[in-house]
Amino acid sequence: MSKLEFLSEELGALKEQGLFNVIRTIDGPQGAWFVVDGRKVLNLCSNNYLGFADHPRLKEAAKKAIDEYGVGPGAVRSIAGTQTIHLELERKLADFKHAPACIVLQAGFSANTAVIPAITGRGDVIFSDELNHASIIDGCRLSRADVVRYQHNDVDDLRNKIIEHKDSARRMLIVTDGVFSMDGDIAPLPEIVEIADEFGAIVMVDDAHGEGVLGDSGRGIVNHFRLEGRVDIEVGTLSKAFGVMGGFVTGPEVLIDYLRQRARPFLFSSGLTPADTAAAIAAVDMLLESDEPVKTLWDNAAYFQKGLKEAGFDTGGTQTPITPVMLGEAKLASEFSKKLFEKGIFAQSISYPTVPRGKARIRCMVSAAHSKQDLDFALEKFVETAKELGVLS
Ligand SMILES: *Cc1c(COP(=O)(O)O)cnc(C)c1O
């Protein structure tokens, strides 16, 4: 018997509990419509908020970079892998975020596992929102600091927990997602910053779903709340609204200088490819030139959410283009998603353990790439499906 046979039992258990994830295959580029498992469907699942993933200008920039710089970075950035375009992207992102400095990494995931263990260690306490992203959780674990989870977006609970731990902590870090991906709600950053200032804690926000979405021209949550200069560390991703791949950290020079010396994903994993780097530069350029894509995104989100509400759906507490359609039971949500797919709409159901029991939903990701006709089509099919399943009368 194979030594790995225990894994097939684990997989069997996942299937029994309905937790086995069937991964769909996309053929062709991300866009408003795409081909999934051989079928053309309306895409309500991707984080391609601005439609940049298949944008001609980004593709052109990537092709040109391949001709000029080749396909691979050749080494980790700290030895021989930092190319001029990496520095150009870092300068651009720092300008875009109105931050002093920036370091680019391979992914948002790497950015969190780079920064958190680099700046915290034994004796420190990290206060982490209970719904924070897995990469924040992993970054916290790798740091060996004590991790104290506070209730989601609950600043009173955060405050109480800080008071409880402040005397024994060497240093304190508060870390939160900017926009929470399952409900689309926004972290109460102004209050968090106030508490942090009161107790001398460092504040870090992971703005993966806020970059390209919130703030002027998509500058993110810190700009949205006009807190520039008051949040110590911002983490971002280039793989959602920016449409490419990669992650980054912005903050004071001293932080970025330190990360170049000590962040393990920077030191021990090669940098972004020239194509990704150049495409990301083009994405930032587009946002610097015009806020049109961001406006279209919000316009589409408002239109779609209004339509759902008017039809009688519960879209939870979203404050962003992330649109949950709350259905309750996991089985109903998965049945709903299946029926939508048959009608030409790709919108995944999300249930326990990703969200609490009884809070299963279809999560729709609205994009600037959608036309009003696309959204009307989606609304029509949502209502049709809801009637078939007795969700709406
Ligand atoms: C998506 C996401 C990440 C990971 O970003 P990648 O660039 O895909 O690795 C990190 N943090 C949050 C909050 C995210 O939503």
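The values are calculated or read from the model by the stated rules, or taken from the named source; none is laboratory data. As the structure is a prediction and not an experimental result, all values here were calculated from the model. We place every Cβ from the backbone using ideal geometry, glycine too, and count neighbours over all the protein chains shown. Ligands, DNA and RNA are stripped out before the accessible areas are found, and what is left, the full protein with its side chains, is counted by its heavy atoms. Shrake-Rupley method; radii C 1.70, N 1.55, O 1.52, S 1.80 Å.
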* Shape call for the range 51-146 from the C-alpha gyration tensor, a ≥ b ≥ c root eigenvalues: rounded (a/c under 1.5), prolate (a/b greater than b/c) or oblate? -> prolate
* Structure fact -> With N residues in the chain, Rg(alpha-carbon) / (2.2 N^0.38 Å) equals 1.01
* Global form of the range 79-121, assessed from the alpha-carbon gyration tensor, a/c cut-off 1.5 -> oblate
* Structure fact -> Subtracting the Cα-Cα distance of E194 and R171 from 0.36 nm times their residue separation yields 6.6 nm
* Cα lying deepest toward the dipole's positive end in the range 103-209, options S168, V179, L189, charges on Cβ -> S168
* Loop only per DSSP, at most 10 neighbouring Cβ atoms within 10 Å: give me the trypsin sites (Lys or Arg not before Pro) in the range 1-77, ordered by residue number. => K3
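Could you work out the helix-only [θ] at 222 nm for the chain, with each DSSP H run of four or more residues adding -39,500 (n - 2.57) and the total divided by the number of residues, to the nearest 500 deg cm²/dmol?
Calculated mean residue ellipticity at 222 nm is -13500 deg cm²/dmol.
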* **Magnitude of the charge dipole, the chain, Cβ model with Lys/Arg +1 and Asp/Glu -1, debye to 20** => 760
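Please state the shape class of the range 135-181: rounded when a/c is under 1.5, otherwise prolate if a/b exceeds b/c and oblate if not, all from the C-alpha gyration tensor.
Oblate is the answer for the range 135-181, as a/c is 1.5 or above yet b/c matches or exceeds a/b.
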* Structure fact -> With the 8 Å Cα cutoff and a minimum separation of six or more residues, the range 245-386 has a relative contact order in percent of 21
* Structure fact -> Taking r as the C-beta separation of Q151 and K331 and R0 as 30 Å, the FRET efficiency to the nearest 0.05 is 0.60
* **Given the chain, longest segment not containing exposed loop GluC sites (Glu not before Pro) (DSSP; at most 16 other Cβ within 10 Å)** => 1-129
* Structure fact -> Computed D for the range 175-320, Stokes-Einstein, Kirkwood radius over alpha-carbon pairs, 4 °C, 1.567 mPa s, to the nearest µm² per second, is 77
* Normalised per residue, the volume of the convex hull around the Cα set of the range 288-393 (Å³) -> 101
* Low-density loop positions, trypsin sites (Lys or Arg not before Pro), the range 249-336 - DSSP coil, at most 15 other Cβ in 10 Å -> none
* Asked: Carbon-plus-sulfur fraction of the accessible area of the range 308-393, 1.4 Å probe, in percent?
  -> 47
* If contacts are Cα pairs under 8 angstrom and at least 6 residues apart, what is the relative contact order of the chain in percent? -> 21
* Asked: Got a number for carbon plus sulfur as a percent of the range 201-256's accessible area, 1.4 Å probe?
  -> 50
